[in-house]
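**Student:** Quick one: this structure, given as structure tokens, is what I'll be asking you about.
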Amino acid sequence: MSARELREASGLGRGDAEGTRDGSQPSAGGATRHLTLPHLPYGDAVNAELIASGLGPDRVHAGVRRELGGPCELYLTALWTPDHADLDGSVWPEGLTVSWSHLTGWSAHDGDTVRQLGGDGDVDDLAPPALIADAVLHLAVHGLDIAWTPPAGGRWEHADDLDAALDAFTERGTDW
């Protein structure tokens with residue numbers, strides 16, 4: 001299920017923080033330049049790759065948030081509950097969360113512990129969805145204690161368009 005289908009199934013829409021600003025759907029042409037939430041196509045691509053890898057998340061969230069006095073931050077979050085059939089419950093007693101932010105990139109969480117994917121910034125902020133799926137497959141079995149080394153770097157095929165959209169989002173700042 002795509003991030004868009006998940007939003008629609010959960011009843012999110014007009015005025016919700018995780019929906020588009022006015023509930024309208026953009027045209028397909030040039031969508032990454034015109035979306036209020038320009039990272040949604042990237043979220044859909046990552047979610048599709050996770051599902052294709054056999055480790056689809058239990059929930060996916062996408063939206064914008066702002067800490068009091070801080071900048072607006074676009075985010076994606078994929079969550080696997082502790083009882084997910086493909087997670088080792090002894091490794092993930094609180095479940096697995098993998099998150100992306102246009103400000104901080106990709107990270108994995110287990111309760112209070114947060115680690116950047118790839119450890120030393122080896123994973124591009126707009127890494128190919130297949131690379132993120134590879135990380136999640138490793139994490140599902142090994143947890144955060146055994147380091148995951150990215151098999152290859154690179155960027156998502158539409159990263160340049162999304163970079164431009166993210167720059168435009170950042171320039172709008174508090175006008176969002």
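The values are calculated or read from the model by the stated rules, or taken from the named source; none is laboratory data. It should be emphasised that the depicted structure is a prediction, and the values quoted were computed from it without experimental measurement. FYI the Cβ positions are ideal-geometry reconstructions off the backbone, even for glycines, and counts take in every protein chain you see.
**Student:** Hey, can you tell me all the residues within the stretch 59-68 that are exposed (fewer than 14 other Cβ atoms within 10 Å of the Cβ) and touching a Leu at 6+ places or on another chain (Cβ under 8 Å)?
**Tutor:** R59
**Student:** Looking at the stretch 88-119, which of the residues that are in contact (Cβ under 8 Å) with a residue 40 or more places away in the chain and assigned to a loop (DSSP other than H, G, I, E, B) is nearest to F169 (Cα to Cα)? Spell out the reasoning first.
**Tutor:** Filtering the stretch 88-119 down to residues in contact (Cβ under 8 Å) with a residue 40 or more places away in the chain leaves 88, 91-92, 96, 98, 100, 102.
Retained after the next criterion (residues that are assigned to a loop (DSSP other than H, G, I, E, B)): 88, 91-92, 102.
On the way: D88: 38, V91: 37, W92: 35, H102: 10 Å.
Checking each candidate, the answer is H102.
**Student:** Sticking with this structure for a sec: Hey, among the residues in the stretch 164-176 that are surrounded by fewer than 17 Cβ atoms within 10 Å (Cβ to Cβ) and at pLDDT 85 or above, which one's farthest from L68 (Cα to Cα)? Spell out the reasoning first.
**Tutor:** First, the residues of the stretch 164-176 that are surrounded by fewer than 17 Cβ atoms within 10 Å (Cβ to Cβ): 164, 167-168, 170-176.
Still in the running and at pLDDT 85 or above: 164, 167-168.
Details: A164: 26, D167: 21, A168: 22 Å.
Of everything passing the filter in the stretch 164-176, A164 is farthest from L68 (Cα to Cα).
**Student:** Return the residue satisfying two criteria in turn: it lies in the stretch 75-87 and is under 16 Å from the mean Cα position of the chain (by Cα) and either without any contact (Cβ under 8 Å) to a residue 60 or more places away in the chain or part of a loop (DSSP other than H, G, I, E, B) (or both), and of such residues it is surrounded by the most Cβ atoms within 10 Å (Cβ to Cβ).
**Tutor:** So the first thing to find is which residues in the stretch 75-87 are under 16 Å from the mean Cα position of the chain (by Cα), and the list is 75-80.
Add one more test, that the residue is either without any contact (Cβ under 8 Å) to a residue 60 or more places away in the chain or part of a loop (DSSP other than H, G, I, E, B) (or both), and what stays is 75, 77-79.
Details: Y75: 19, T77: 17, A78: 25, L79: 16.
Within the stretch 75-87, the match that is surrounded by the most Cβ atoms within 10 Å (Cβ to Cβ) is A78.
**Student:** Does V136 satisfy being in a helix (DSSP H, G or I) and within 18 Å of S53 (Cα to Cα)? Working first, answer last.
**Tutor:** Numbers: in a helix (DSSP H, G or I): yes; within 18 Å of S53 (Cα to Cα): yes.
So V136 passes the test.
**Student:** Hey, another quick one. Quickly run through the stretch 85-119 and pick out the residues that are touching a helix residue (DSSP H, G or I) at 6+ places or on another chain (Cβ under 8 Å), of a type outside the set (F, W, Y) and modelled with pLDDT of 90 or more.
**Tutor:** Step one: list which residues in the stretch 85-119 are touching a helix residue (DSSP H, G or I) at 6+ places or on another chain (Cβ under 8 Å), which gives 86-88, 91-92, 96, 98, 100, 102, 106, 108, 117-118.
Now narrow it down to the ones that are of a type outside the set (F, W, Y): 86-88, 91, 96, 98, 102, 108, 117-118.
Residues satisfying the conditions are L96, V98, H102, A108.
**Student:** So, one more: Kindly indicate which of D122, D145, D160 is modelled with pLDDT of 90 or more and of a type in the set (D, E, K, R). Before you say what the answer is, go through the steps one by one.
**Tutor:** Details: D122 fails: modelled with pLDDT of 90 or more; D145 fails: modelled with pLDDT of 90 or more.
Only one candidate qualifies: D160.
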